[in-house]
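Throughout, read-outs are computed from the coordinates displayed, never taken from laboratory work. Here the structure is a predicted model, which is why all the values come from computation and not from measurement. Reconstructed Cβ throughout: ideal geometry from the backbone, glycine too, with neighbour counts over all protein chains shown.
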Amino acid sequence: MQLKHGYYHLIAILTVAIWGLTFISTKILIKHGLTPQEIFFYRFLIAYLGIWLISPKRLFASNLKDELWLLAGGIFGGSLYFFTENTALGITQASNVAFIICTAPLLTVLLSLLFYKGEKASKGLIAGSLLALVGVGMMVFNGSVILKISPLGDLLTLLAALSWAFYSLVIRRMTGRYSTVFITRKIFFYGVLTILPAFLLHPLRPDLEVLLLPSVLFNLLFLAVLASLVCYVLWNLVLKELGTVKSSNYIYLNPLVTMVASAAILHERITPVALMGAACILCGVYLAERK
């Protein structure tokens, strides 16, 4: 049993490491000329088709209200989140995006304080929020002043983190009413559906010559099959065996993997200011979420 339990820790580390590499894959696809909405569309469409293999065959939620909540989940956790994140990756460093996205759990807690009367702000939450805010400020300063990169990318990443926070509240409402596989499939579907208006401004024109390039095809399949479908199943196993608290601690490895990979693969510059900002964000989020 101890050996089996240890395997789940290894699975958790592997899953989080793969998620940390998704920022790199997206950046590579952007460099090959794919737009943020195209990357998201291909990724979620492939994932949506694949999830039918393990999803219950029911098509709709029990009532219209729940269906609308799932639509909101597809927007906040799908089209809006990935469009802003992918756009940010085309402007700023992958490591910046990975660390600023880490504020999403903190923003979720803050939104819970606004929408749920039973939630209360602790001293740790306030201190952690301020520390994480300082960290975000340092990351923005590092990009705009030291590296001479437009701060728009960092601001879009904050918007993506806020979008994910709203998505988390939607999932909180739906959990227990429907299976996680069914909820995820609906998120994939409404994500694909709600990104379609973006193609009115920039029509989708698949370039098979580009899409079939080994590096492009590999990274698209990596994002859709491995990072979305396989890791989703693995993470559910980890949550079941290790519990939410132990599992969540591994999430902090995500941006660290991105930072190392971005320096090694994309040759991004990691400055002392960026390292201090990253440390402030990670410590702040940990302090705010600690019970």
- Query: Residue-wise, which Karplus ³J(HN,Hα) couplings in Hz belong to segment 48-55, taking 6.51 cos²θ - 1.76 cosθ + 1.60, θ = phi - 60°, and x for glycine or proline?
  - Reply: 5, 5, x, 6, 4, 5, 10, 8
- Item | Rounded FRET efficiency, nearest 0.05, which uses the C-beta distance separating V233 from C283 and R0 of 41 Å | 0.85
- Query: Mean shadow of segment 131-238, computed from the convex hull of its alpha carbons, in nm²?
  - Reply: 10.4 nm²
- Relative contact order, percent, the chain [alpha-carbon distance under 8 Å, six or more residues apart]: 42 percent
- Message: Using the crude model of +1 on Lys and Arg Cβ and -1 on Asp and Glu Cβ, and no other charge, please compute the dipole size for segment 142-291 relative to its Cα centre, in debye to 20.
- Response: 620 debye
- Message: What percent of all Cα-Cα pairs in segment 2-289 falls into each 10 Å bin, going from 0 up to the bin containing the maximum distance?
- Response: 6, 27, 37, 24, 5, 0
- With r defined as the distance between the Cβ atoms of L53 and T175 and R0 fixed at 22 Å, what FRET efficiency is calculated, to the nearest 0.05? 0.45
- From the phi of every residue in segment 20-28, what ³J(HN,Hα) in whole Hz does the Karplus formula 6.51 cos²θ - 1.76 cosθ + 1.60 yield, where θ is phi - 60° and glycine or proline is x? x, 7, 5, 5, 5, 4, 4, 4, 5
- Lys pairs, the chain - Cα-Cα below 18 angstrom, 8 or more residues apart or on other chains: 7
